[in-house]
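Novice: Take this structure first; my questions come after.
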Amino acid sequence: MRRVGYDGSVPEFMPARGSEAVDPRSGRVVREAIDGPQNVNSDPLSWLLAHRRIEQYQHDAGARFMGDWEKSQLVNYGSMNGAGSGGGTMRPADVKTDAMARFGAAVRVLGGEKTIGYRVLELVVMKRTSLGKAEALLRLSQKVGMGVLLAALDLLAVHYGLA
């Protein structure tokens, strides 16, 4: 009988799947991870990077895009508006408006909110949907969906000065 509760292992880390190998001693098929255990709760961009589907600079561009989007969604609370204007620290309203400006500039580089590149990034980066599910929602084939994602991330990387 197994004991219920925490057994010391981190539950969100599981061995990567996909690469099969045969154990020479027992003859059993064992699955081996290329990069060791992988976090199954990670965002899709990190998963794509870990599986070598995107490059590091593309991941960084997507992460910066997501960071600007998250900061632009900050809510201004009434208690924060009454803060006195003091030293050089940025207030939440300043952080939000700067992030909104950066995010808007990045969206313009992508061609606007109606373009397919923005829509793929919206699903994969902002809503953290898997690329396969995003392709199904947008009715794209696998090759087209991956190509659109790569092109959009390349545009962002050039815009952010990462490529």
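Conditions (1) modelled with pLDDT of 95 or more; (2) in a helix (DSSP H, G or I); (3) under 15 Å from the mean Cα position of the chain (by Cα); (4) surrounded by fewer than 18 Cβ atoms within 10 Å (Cβ to Cβ), marked per residue:
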position	(1), (2), (3), (4)
Val120	yes, yes, yes, no
Arg128	no, no, yes, yes
Ala136	no, yes, no, yes
Leu140	no, no, no, no
Lys143	no, yes, no, yes
Val148	yes, yes, no, no
Ala151	yes, yes, no, yes
Asp154	yes, yes, yes, no
Val158	yes, yes, no, yes
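Novice: Being under 15 Å from Met66 (Cβ atoms) and hydrophobic (A, V, I, L, M, F, W, C), is that true of even one residue in region 137-145?
Specialist: no
Novice: Within region 96-123, can you find the residues that are closer than 13 Å to Trp69 by Cα and in contact (Cβ under 8 Å) with a residue 40 or more places away in the chain?
Specialist: Residues satisfying the conditions are Ala105, Ala106, Leu121.
Novice: Would you call Leu162 closer than 24 Å to Ser42 by Cα, modelled with pLDDT of 95 or more and buried (at least 16 other Cβ atoms within 10 Å of the Cβ)?
Specialist: no
The values are calculated or read from the model by the stated rules, or taken from the named source; none is laboratory data. Computed from a predicted model, the values in this text were never measured in an experiment. So basically every Cβ, Gly included, is an ideal-geometry build from the backbone, and we count neighbours across all protein chains shown.
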